[in-house]
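Working notes, beginning with the structure itself.
Here, each number is a calculation from the coordinates, and none is a lab measurement. Since this is a predicted model, take the numbers as computed values, not measurements. Neighbour counts run over all protein chains shown; Cβ positions are idealised from the backbone, glycine included.
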Amino acid sequence: MTDTIMSDGTEKTTIDGEDINFDDFQLEDFDTAETAAEPVQHAGHDLNFFKNIPVTVTLEVASKELSLGDLMKAGEGSVIELDKMNGEPLDVKVNGSLLGHAEVVVVNDKYGLRLIDVIDTALSSVES
């Protein structure tokens, strides 16, 4: 804990994160009328709430990291080589995090994806 005297004469106390020991808190004994009246459901018991949360699924063909200067030189007809070979599985991302790999399919004139493998085992274990 650090005390600092401000220029206006007030004292400001700052707490360093290392000064706090959360083991000292008795959180399991914390009880209010609201929590006592209604039992708390733990996350492992009912996951139906989470099944309705919308997420964005993205199929990423490939990528390339290059400098802004190189990108500014690109014009119509320019070719930028990407990091995947033809025929390699594509990355499936959920809200930007890698879920697995897939291949492109066409269903009723719309693009779709066929999952080849799922990397995030925690997500697949949520299914009921």
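Quickly rank 75-82, 63-70 as a protection proxy: mean count of other C-beta atoms within 10 Å, highest first.
63-70, 75-82
Fully extending the segment from E60 to L115 would add 18.5 nm, taking 0.36 nm per residue of separation and subtracting the current Cα-Cα distance. Under 5 Å from the amide H of I119 lie the amide H atoms of G100, H101, each residue being 5 or more positions distant or on a separate chain, with H modelled from the backbone and absent for Pro and chain starts. A Förster distance of 30 Å, applied to the separation of the beta-carbon atoms of N48 and D83, puts the FRET efficiency at 0.15.
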